[in-house]
Structures are given as C-alpha cells and as structure tokens.
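Peer 1: The structure that follows is given in the form of structure tokens.
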Amino acid sequence: MNGLDLLGPQQRGLYIGGAWREAEGGRRLDVIDPADGSVLTDVADASIGDAVEALDAAVEAQASWARTAPRERGEILRTAFGLITERADEFAHLMSLEMGKTVAEARGEVGYGAEFFRWYSEEAVRIHGRWMQAPAGGSRLLTIKKPVGPCLFITPWNFPLAMGTRKIGPAIAAGCTMVVKPASQTPLTMLALAALLEEAGLPAGVLNVVTTSHTGEFSQALQGDDRLRKVSFTGSTGVGKVLVRQSADQLQRLSMELGGNAPFLVFEDADVDAAVDGAMIAKMRNMGEACTAANRFLVHSSVAGEFADKLGKRMGSLTVGRGQTDGVDVGPLIDEKAVESVGRLVTDAIHDGARVVVGGEAPGGPGYFFPPTVLLDVPADSEINVQEIFGPVAPITTFESEEDAVRLANDTEYGLASYVYTRDLARTIRMAESLEFGMVGINSGLISNPAAPFGGVKSSGFGREGGFEGIEEYLETTYVALPAG
Ligand code: NAP
C-alpha cells in the first residue's frame, strides 16, 4: 500500500470554495521523502491572490454555516470520524511517507487525530449559554454563544493529521469557517483530509486548504484583513511571536500551541522500570519530534545509574530505518537541518562533560537519520537542556532534593508538558501544584488525550485544544440584559 492513492491528481491542488484548482501561474512545490531525500510528489504553490480567494470563500460561507443546526455539524464530524477510521491504513502510510514516522506510529496518530472529530461531534450539541437573575434582583442576565467567525489555521509537519483535526474539529462544531495552511514539508495528509471532509458532507467554503511556500507574506496578507477573526497556530515559538504581532492591528483572537522543553522527573521512590517504560514513550513518540517530548531527564542521583543503564539498553535495541519497512522502530528526522541541529546539541553536551551511554552520532548517507541516544551526567546548563531537541536524544541530569528538582524543572522559558515518576501521593500533589507547565503527567509517559485540555504557559503559548475547553476558543459570548418582566 502507498498512501498516495488517497489523493487524485487534482487533489494535489488548492481546495477553495469546495473546488480543487491549480495555483496562480501553475506553480508547484515539491514534497520530499525524508527517508532518502528524493521527491515524492508535488502540490500547488499558492500566490497571495490565491490565499485571499480562500479567505473570500470562508467569509462567504460563514453566515449560512453559523445558522446550521448543531446536530448537522456534529453529524458531519461523526461521518468524517468513521471515514478516517475506515481508511486508517491509507492515512498512516501517507503520513509515514511524507513525514518519516513509522507506519505503526502513524496509525497511532490517525486514531488520536480522528478522535478530535468524534469528541467535537459530541460537543457540537452542547454549546449553551446561561440564564440568571441579577444579584440585586430585577433584571435577568442571558448569555448566547456565537461562532467567532472565519479562522486561519497554520499547522506544523510533525503531526500532519492531528494538529489539523484538533483545530478543524472544534471550529466545525462551533460553526466557524476556515482557511488551513499545512506545513510545506507535509501537505499531503491535510489535502486528503479536505477530500474526506467534502465526502462527509461539509458544505463548500467551510474548509479551504492552501499550500504555499510564500508563508510569511501569506500570513501577513490574511492577518491584515479585518474579515479574519481568529488565528490558531501550532509550531515554533519564534513564528508564534510573529503571528501574535501581526494580529495586533485587527485584534484577532489567538490560540498559540508553541514549543516545549518537557522535564521528566524520576524521584528516588519511583518504580524505575515503569519510569523507563514511560521514558520510552515520552521520548521516542514521533522520534522525539513532538512538542510534548521529554527533553530533560532529571533523575535523583540514587537511581540515575540504574535508570540510564536500563534506558540505554532499550534505546540501543531500537531499529532505525525507513518508516514503511516492517520491523523498523525509528524513522528519519524531517530534514538535514534537523539532523545537524540534534548532532550539534549532542556534541556540545559531550564537550560540557556528558557521557554517551548509547548512540551519539548520525550515520550519514541518504536520508535524515539520527540514532536513539542516551547521555548521562549532562550539566544542567548545557545547551541541550535549554533548547527543544526535537530528536531521539535523552540527556540525563541528576538532582539531590525535591526542591532542586522543581527548581531545575521550572528553569526554562517553556511550559508545555512535564512528567513525574514517584510513588508518594503527597509529592504527586506538590508536583502538580508547583510545576509551571500546562500539563503534568504522573507515572505516565503519554498525556495527550482528545478529551483533555492540551496547551501551555510561558513561551509555550496560550489557549487550549481538546476537551470541553477546546470549543471555547471558537466561541464568542453575547450578554443580553433583560428586564424582570
Ligand atoms: P514552524 O517552523 O514554526 O512551522 C510551523 C508552521 O508555521 C508551518 O506551517 C510553517 O509553514 C508556518 N510558518 C513558518 N513561518 C511562518 C510565518 N512567518 N507566518 C505564518 N506561518 C509560518 O515549526 P515547525 O518546525 O514546523 O514545527 C515544530 C515546532 O512546533 C516545535 O517548536 C514544536 O514544539 C511545535 N509544536 C507545538 C505543538 C503544541 O501543541 N504546542 C505541537 C506540535 C509542534 P512552512 O512549512 O511553509 O514553513
């Protein structure tokens, strides 16, 4: 199977106002296979004029879409959930091809990504306001929830399906229309999703998908347009800050899901085997190319040796190769730049005094591979503990006291995910309350769940995706003051 079958030739174009078409001037953009650097296929490369047409289509569809019955919007999402689930293998292969992750890993993302459609199909019918008597008696207060209006969604390459469905699901449920710009390196999954939503009955203009290499000008043009009411972005903190600045003139509503630098704390009372199991998930999900990836392993000195040894054995036993090959556990990174950046962080950490337990060096040759790597005795201030690694490298730093652990964990500009391994209930509560992160996983390496509010604080952004909270990002509140009658 080759997931490219999900897309007809036209469906590698732009999807605007319910029709597939070429970009202005017929310009195209290559999609590269990260396993060998070859060109997989190409997609349309939209001009700024094309992008504005996509916004025109979203604006035109907004009023009628907002009037549809919640149940109708929910049913479209439920149908789309069913179709993605039926075609899970095709989607998994397509994602594996364009992004590099293994097919098994991609299947996991298909399940996770599809769940946002099921969850928000259920939430579409639970949008409600409130009715109350004013505290002083007399008047009555009524609130109504309304869709925010046309949205712009910009998504990253690391989860080509789920980072889209996490925005598209609640927006559809709330009655918003949208323009979606997937990452240029992984546009195919989003195009396949657009075709599937059309099949599920989504009316023309509600979802518009634009692929473009003119990314900066594209966001400037759409954010400069006062018809656009909301931007939801998942990607790097640097680009997030650009989009926040660009939103100022139109005061667009924003959701920012940005970078992370997750600490993974292992206390002296932890079940070390369970911590190693959790570390394998928190580190190796998506080859470490996840905003929630455990970035800094902070381990009590009394168990650090055992933890490093066991983690090193597990990491060293993984097979690296093309994501579509049976038996492969770890696929390539997204591009050459990623391999260089991970390699540089590892080399610098070794220079700072870290010891290599396993891995350490890129093999070279075709494809963008980096071996699973464990480093011990990494100084807390080594650059690898400061930056988001975005690769399969686990740096271990030791601590002596709980106070130390919390100080080290919070000593980062980021605040997305964190992980804690301990068997002490009181400590669990102290950690949940003192870690400055949007999410805290207790004795678990996997925290993402469509029913939970996903998001960060500090340089990891603001806003929440998933859960009951996720749909609020797409709703405005109107307050109606009523006399007592
Ligand atoms: P990125 O470089 O910020 O790119 C993300 C998206 O932004 C892509 O679609 C990219 O388009 C677009 N973009 C780049 N410059 C832009 C501009 N000036 N205006 C508008 N859009 C622009 O990030 P990435 O390297 O793809 O993704 C990795 C980052 O995403 C990591 O920092 C990771 O932690 C973060 N992430 C966060 C979450 C979360 O939920 N918090 C989830 C996943 C990933 P092009 O592809 O065309 O350049």
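The values are calculated or read from the model by the stated rules, or taken from the named source; none is laboratory data. These figures come from a predicted structure and were not determined experimentally. As a convention, Cβ positions derive from the backbone with ideal geometry for all residues, glycine included, and neighbour counts pool all protein chains shown.
Peer 1: Determine if the range 344-352 includes at least one residue that is of a type in the set (S, T, N, Q), under 19 Å from Arg314 (Cβ atoms), not in a loop (DSSP other than H, G, I, E, B) and not assigned by TED's automatic domain parsing to the domain that holds Gln185.
Peer 2: no
Peer 1: Hey, another quick one. Among the residues of the range 306-341, which ones are of a type in the set (Val, Ile, Thr), surrounded by fewer than 17 Cβ atoms within 10 Å (Cβ to Cβ) and over 14 Å from Thr373 (Cα atoms)?
Peer 2: Thr325
Peer 1: Out of curiosity, is Gly364 free of Cβ contacts under 8 Å to residues at least 24 places away in the same chain and not in a strand (DSSP E or B)?
Peer 2: yes
Peer 1: Which of the residues that make up the range 220-261 are touching a Gly at 6+ places or on another chain (Cβ under 7 Å) and under 14 Å from Glu388 (Cβ atoms)?
Peer 2: Within the range 220-261, Ser236, Thr237, Gly240, Glu257, Leu258, Gly260 qualify.
Peer 1: Please determine, by comparing only the residues of the range 231-246 that are more than 9 Å from the ligand (Cβ to nearest atom) and not hydrophobic (A, V, I, L, M, F, W, C), which one is farthest from Pro156 (Cα to Cα).
Peer 2: Ranking the candidates gives Arg245 first.
Peer 1: Also, I was wondering about something else. What tally of residues in the range 177-205 results from selecting those that are within 22 Å of the chain's Cα centre (by Cα), buried (at least 20 other Cβ atoms within 10 Å of the Cβ) and within 18 Å of Ala58 (Cα to Cα)?
Peer 2: 11
Peer 1: I've got another one for you. Looking at Gly466, Gly445, which one is within 16 Å of the ligand (Cβ to nearest atom), modelled with pLDDT of 95 or more and not basic (Lys, Arg)?
Peer 2: That would be Gly466, the only listed residue that is within 16 Å of the ligand (Cβ to nearest atom), modelled with pLDDT of 95 or more and not basic (Lys, Arg).
Peer 1: Do you know which residues across the range 357-393 are within 15 Å of Ala279 (Cβ to Cβ), hydrophobic (A, V, I, L, M, F, W, C) and away from the ligand (no atom under 16 Å from the Cβ)?
Peer 2: Val357, Val358, Val374, Leu375, Leu376, Val378
Peer 1: So how many residues does the range 410-442 have that are of a type in the set (Ser, Thr, Tyr) and within 16 Å of the ligand (Cβ to nearest atom)?
Peer 2: Total satisfying the criteria: 4.
Peer 1: Follow-up. What strands (runs of 3 or more DSSP E), lying completely within the range 370-485, carry at least 3 residues that are under 30 Å from Ala124 (Cβ atoms)?
Peer 2: 439-442, 475-482
Peer 1: Counting only residues that are away from the ligand (no atom under 15 Å from the Cβ) and among the basic types (Lys, Arg), give me the strands (runs of 3 or more DSSP E) lying completely in the range 247-340 with at least 1 of them.
Peer 2: 253-257
Peer 1: Let me ask another. Which ones in the range 349-358 are exposed (fewer than 14 other Cβ atoms within 10 Å of the Cβ) and either among the small types (Gly, Ala, Ser) or in contact (Cβ under 8 Å) with a residue 24 or more places away in the chain (or both)?
Peer 2: Result: Gly353, single match.
Peer 1: Out of the residues in the range 231-244 meeting the condition of being among the hydroxyl-bearing types (Ser, Thr, Tyr) and assigned to a strand (DSSP E or B), tell me which one is nearest to the chain's Cα centre (by Cα).
Peer 2: Across the range 231-244, the extreme among qualifying residues is Thr234.
Peer 1: Next question, about the same structure. Anything in the range 206-230 that is within 12 Å of the ligand (Cβ to nearest atom), under 20 Å from the mean Cα position of the chain (by Cα) and polar (S, T, N, Q)? List them, or say none.
Peer 2: Answer for the range 206-230, where residues must be within 12 Å of the ligand (Cβ to nearest atom), under 20 Å from the mean Cα position of the chain (by Cα) and polar (S, T, N, Q): Thr211, Thr212, Thr215, Ser219.
Peer 1: So Thr102 fits all but one of (1) of a type in the set (Ser, Thr, Tyr); (2) within 25 Å of Phe369 (Cα to Cα); (3) within 16 Å of the ligand (Cβ to nearest atom); what number is the exception?
Peer 2: (3)
Peer 1: Please go through the range 311-345 and give me each residue that is touching an Asp or Glu at 6+ places or on another chain (Cβ under 7 Å) and within 23 Å of Gly108 (Cβ to Cβ), ordered by number.
Peer 2: Leu318, Thr319, Leu333, Ile334
Peer 1: Name the one entry in Pro170, Pro150 that is more than 27 Å from Asp30 (Cα to Cα) and either among the charged types (D, E, K, R) or away from the ligand (no atom under 16 Å from the Cβ) (or both).
Peer 2: Pro150
Peer 1: Would it be correct to say that Glu122 is in a helix (DSSP H, G or I), away from the ligand (no atom under 16 Å from the Cβ) and out of contact with any Leu (no Cβ under 8 Å at 6 or more places or on another chain)?
Peer 2: In short, yes.
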